[in-house]
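Visitor: I'd like to ask some things about the structure below.
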Amino acid sequence: MSEAVVPNHLGVILDGNRRWAKAHKVPLLEGHRQGYLTLKEITKAAFNRGVSVVSAYVFSTENWNRTPKEVKYLMNLALQVMTEEIDELHREGIKIVWVGTAERLSNKLQKAIRAAVELTKNNSRGTLALCFNYGGHQEIIDAANTLQRHGATQKLTEAAFAQALYAPEIPPIDLLIRTSGEQRLSGFMLWRAAYAELYFSDKYWPDFSEADLDAALQDYAGRQRRFGS
């Protein structure tokens, strides 16, 4: 596959973990664990194919409405990844960036995430942007509030507004993949997804394979991006 047609930023909405668990007759929480393992595999595969940034929608601000048991499991899984799995990701040369808000997260988890970001900040194989405790509307509201706090009085430009987003170094999404047959953004990176090419897979996320990634990248390579022109 030509490097010229590989997306620089691949966004992924990891949908279908719970339905995968039901289909395989295993506990629902096992679906989330398998979902993480798939994310790790697909992220490495994407970097091997020339993608520079993978952003993953792993926990939305709306996910707090799930059962306390599921939310607690997801928080513990995130803490485990940031403390026990981070050394592996660091050895692989993967840079971790957090895209989201600290609101409602425990101090322990916030500290672990920031430590993982700090540990991996100089890695150069590829950037994994974890959209954790993230909401697309909330990001835009928080950006506006940030600009207001800093006394922005002049007419805003798109470039200036983009600098107030979470992790402003993360570029616009080129290709956005959503699994499990759903065909909506669910608030994922609304600003950065404005001109993303959309690709929908019927597979549940834990079943999404490198072959499925290649199919998505091949589809992307055949598209003509016009950006409104």
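The values are calculated or read from the model by the stated rules, or taken from the named source; none is laboratory data. From a predicted model like this one, the values you see are computed outputs, not experimental measurements. All Cβ positions, even for glycine, are placed from backbone atoms using ideal geometry, and neighbour counts span all protein chains on display. Note: areas computed on protein heavy atoms with side chains; ligands, DNA, RNA excluded. Shrake-Rupley method; radii C 1.70, N 1.55, O 1.52, S 1.80 Å.
Visitor: Rounded to the nearest 0.05, what FRET efficiency do ALA215 and ARG184 give with R0 = 22 Å and r taken as the Cβ-Cβ distance? Could you check?
Guide: 0.60
Visitor: Output the pairs from LYS44/LYS72; LYS69/LYS203; LYS111/LYS203; LYS69/LYS111; LYS72/LYS111 with a Cα-Cα distance over 29 Å in this structure; if there are none, say none.
Guide: Violating the 29 Å Cα-Cα cut-off are LYS111/LYS203.
Visitor: I've got another one for you. From Cα pairs below 8 angstrom and at least 6 apart in sequence, can you work out the relative contact order of region 80-188, rounded to a whole percent?
Guide: 28 percent
Visitor: When a/c is below 1.5 the answer is rounded, else prolate if a/b is larger than b/c, else oblate, so apply that to region 97-204 with a ≥ b ≥ c taken from the square roots of the Cα gyration tensor eigenvalues.
Guide: oblate
Visitor: Here's another thing I want to ask about it. Answer rounded, prolate or oblate for region 162-225, using the Cα gyration tensor with square roots of eigenvalues a ≥ b ≥ c: rounded when a/c is under 1.5, else prolate when a/b is larger than b/c, else oblate.
Guide: Prolate, because a/c is 1.5 or more and a/b exceeds b/c.
Visitor: Which of rounded, prolate, oblate describes the chain, given a ≥ b ≥ c as roots of the alpha-carbon gyration tensor eigenvalues and a/c under 1.5 marking rounded, otherwise prolate only if a/b is larger than b/c?
Guide: rounded
Visitor: Quick one: how many Å² of HIS24 are accessible to a 1.4 Å probe, rounded to 10?
Guide: 90 Å²
Visitor: Could you tell me the relative contact order of the chain? Use alpha-carbon pairs under 8 Å, at least six residues apart, and round to a whole percent.
Guide: Relative contact order for the chain comes out at 29 percent.
Visitor: Now for a separate question. Within region 53-88, report the trypsin sites (Lys or Arg not before Pro) that DSSP leaves as loop and that have at most 16 other Cβ atoms within 10 Å.
Guide: Filter output for region 53-88: ARG66.
Visitor: Of all the accessible heavy-atom surface of the chain, with the other protein chains kept in place and a 1.4 Å probe, what percent is carbon and sulfur?
Guide: 49 percent
Visitor: What is the extension gain from THR83 to THR157, computed as 0.36 nm multiplied by their sequence separation minus the C-alpha to C-alpha distance, in nm to one decimal?
Guide: Using 0.36 nm per residue and subtracting the Cα-Cα distance, I get 22.7 nm.
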